[in-house]
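A short worksheet on the structure shown next.
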Amino acid sequence: MLNNKTILVTGVGKGLGYDMLNTIVSYNGFVYGITRSKSDIKKFKKIKNCKVFFGDVTNTKIFEKIIKQSENDERTISGLVNNAGERQRLNFNNISKNKLKKLFEINFFSVFENMKIFSNYLKKKKISGSIVNIGSIVGNNGFSELTGYASSKTALIGLTKSYAVEMAKDNIRANLINPGFIKTSYFNKFKKRKKLYDWTISRIPQKRWGNPNEISQLTCFLLSDLSSYITGTSINIDGGWTGS
């Protein structure tokens, strides 16, 4: 599905990003990855067809470094996955302006700036491309103590849709995936909070949490040429939560 395609993925150190990298590679794609944890880099040494860089997505220099590396490698990056993000659980009245700004720097402004760098790169190369942004069902639904996080993810909806409309003439696509409750690194800790965990299960029509690969498979499809007529969409993967 991604044969000979080169994809840039942020936040590959854990959870969804780590699964995405492995899934893209399994489809014969090559990945340039970014992680902000140096300790996570060693886990990629045995994985072929990837190069992982240590850096912070809020610093555009890491993107510029990877683009320069891709040129040295004689690889053309045709896909971008903005997966890196930060969750913030605070009572509304406890969210300071500085905390909100920091959250938006990671969850929204870094995505905005990196999309700009990537689209300019594609235009310069005169090639088509696909961007997949990772949002959250929290951006579509009300959740207590997640107002700041929800705001940053809701902003991605408007960004993705408007960007897709404007860039369609350049054959650059953009879509948004909104995961629901997924079994990433926080799942085991969350499950111990039995009352809260049972509540989430009761709200999900499929009566289970999703697996990371269920997000990765759609991500790969949206990065591939098989989805060439899909752009500006916002897709929920939540076991039916939003529909219910």
task: Once you have the Cα-Cα distance between D198 and E71, take 0.36 nm times their residue separation minus that, and quote the gain in nm to one decimal.
output: 40.7 nm
query: Once you sort the root eigenvalues of the Cα gyration tensor of region 1-70 as a ≥ b ≥ c, which label holds: rounded (a/c under 1.5), prolate (a/b larger than b/c) or oblate (the other case)?
result: oblate
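Report, in order of residue number, the helices in the chain meeting two criteria: a C-alpha extent of 15 Å or more along the helix axis, and a mean Kyte-Doolittle hydropathy of at least -1.0; treat each whole DSSP H run as one helix.
Numbers: long enough: 15-26 (17 Å, 0.63); 61-72 (16 Å, -0.85); 110-125 (22 Å, -0.56); 147-167 (30 Å, 0.21); 212-223 (17 Å, 0.63).
What comes out of the filter, once short or polar helices are dropped, is 15-26, 61-72, 110-125, 147-167, 212-223.
Read-outs throughout are calculated quantities, based only on the coordinates presented, and are distinct from any laboratory measurement. Bear in mind that the values here come from a model prediction, so they are computed numbers and not experimental data.
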